1. Which of A:Lys121/B:Lys28; A:Lys56/B:Lys56; A:Lys56/A:Lys121; A:Lys145/A:Lys182; B:Lys56/B:Lys182; A:Lys121/B:Lys56 have a Cα-Cα distance over 24 Å?
2. How many Cβ atoms of partner chains, on average, are near each residue of A:190-197 if near means within 10 Å of its Cβ?
3. Can you list, shortest first and in nm, the gaps between the label point of A:Arg102 and those of its counterparts in the other copies, using a point 7 Å from Cα in the C-beta direction?
4. For Cα pairs less than 8 Å apart in space and 6+ apart in sequence, what is the mean separation divided by the residue count of chain B, i.e. the relative contact order in percent?
5. Consider just the alpha-carbon atoms of chain B and return their Rg together with their Dmax, both in angstrom.
6. Nearest 20 debye, what's the magnitude of the dipole of the protein assembly as shown about its Cα centre given +1 on Lys and Arg Cβ and -1 on Asp and Glu Cβ?
7. Can you pull the one-decimal nm distance between simple spin-label points at A:Ser48 and A:Arg76, each 7 Å off the Cα toward Cβ?
8. Per residue of chain A, what 222 nm ellipticity follows from adding -39500 (n - 2.57) for every DSSP H run with n ≥ 4, rounded to the nearest 500?
There are 2 protein chains.
Amino acid sequence: MTTTKKAAPPSERRTHLIRLAADLFAEKGFRATTVREIADAAGILSGSLYHHFDSKESIGDEILREFLDDVVGGYRSAVAGTDDPRVAIERMVRFSTAALSRHRAALTMLQNDWAYFSAQKRFAYLRTAMREIEQTWIDQLERGKRDGQFRADLDARLIYRLLRDILWIPTSWKQSRGKSWKTDEIVDGLLRLLFDGINAR
Amino acid sequence: MTTTKKAAPPSERRTHLIRLAADLFAEKGFRATTVREIADAAGILSGSLYHHFDSKESIGDEILREFLDDVVGGYRSAVAGTDDPRVAIERMVRFSTAALSRHRAALTMLQNDWAYFSAQKRFAYLRTAMREIEQTWIDQLERGKRDGQFRADLDARLIYRLLRDILWIPTSWKQSRGKSWKTDEIVDGLLRLLFDGINAR
DNA sequence: TAGGACCGAGCAAGCGTTTGGGCAAGTAGG
DNA sequence: CCTACTTGCCCAAACGCTTGCTCGGTCCTA
């Protein structure tokens, strides 16, 4: 026996089911979504899901992995091409908003059910990836301080923490009734706020 | 029969139980916390809780009401004393961070279980209060624009949305391992970021 | 005729809640 | 001072329902 029991053969149907599940996770969170709801969305019975997945957690696992791979890869290439921290940060901000809207489900899951996931060994890679992401941000902020481009009294870690959480805020606005902003408007407003603040002059 | 069945007599024990429940809600959210966990924390059986409350929702209701009363009242008196929008906003920011750390449970509940609560008539006051809060912020921001104190191209509603979510971010950092910031550091960093951005000069 | 996709029915565990009763501390009445 | 009754708090056991998941069998397609 050299193979694992169920290594996740990526059939077309399976991929579609994950997308359906992700849509539900994006709105209600992971724990608050039931397997029966997922099955309903797919037009099958809940038990039939287990022909494709060996557990509900496996679905969540795949969604989270895809998200983190995307983000980590994007950040690496964002800082690769330049040594101007302001440029790098703007790239990271723009990439983040795009990536986050691509992975709304992962975001909601991390926000609502972080305690649930991070407590399991199976999801240890969450912490690993988060650490690399944090380091990338801090490196750029510190570099900007040394260059004299950013304020010298800046607490890089504090700013990172704020930014990290700020960046994924607009993602949760998608279905807000009334006027809604385009992604460009949001990211521009955000960048302006980040670099210059709200003061005139 | 002229009185309601169970109008919530505020006994001492009852108040204590609410506090215990709030601590759990603050860490796991409302739906993810079970009545048995609350009872365990109090050293009693789950059924015994129903001597004090008629439902789990009633506990949540009381926590949310207290929070919103606090915030709405605080904002009213924050804008009352001055007609300088920059002063008013700084007051609101400082008051918010204080209030939010006083009501961590309510915050987590609104963040994790907003869809659950806002769908029920019983919690209609949530939307009402939120609307007043939003209007208060927007009024001050618009006033600052007219004064020429804030950038004229500022989207007040967008900035409010960002601020609202940004402000309650640090509250979720309470038990972050490693270095943790004092509330003053956070709010100062936040105010600096808000007004001036991260750029030098 | 073999295999992938699904059904139908059900399981154990966990959920919020109900019910009936026990036990101690107070408060009258004789 | 003893008794009877109320009141506040809690236990023990269970209810009906939902949860994630299992399993044998059936259908369709190739």
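1. Too far apart for the 24 Å limit: A:Lys56/B:Lys56; A:Lys145/A:Lys182; B:Lys56/B:Lys182; A:Lys121/B:Lys56.
2. Going residue by residue through A:190-197 and averaging, the value is 6.
3. 4.4
4. 22 percent
5. Cα only, chain B: 19.5, 71 Å (Rg, Dmax).
6. That gives the protein assembly as shown a dipole magnitude of about 480 debye.
7. 4.0 nm
8. Calculated from helices alone, the mean residue ellipticity at 222 nm is -22000 deg cm²/dmol.
None of the figures in this text is laboratory data; all of them are computed from the coordinates on show. Here the structure is a predicted model, which is why all the values come from computation and not from measurement. Glycine gets a Cβ as well: all are built from the backbone with ideal geometry, and neighbour counts include every protein chain shown.
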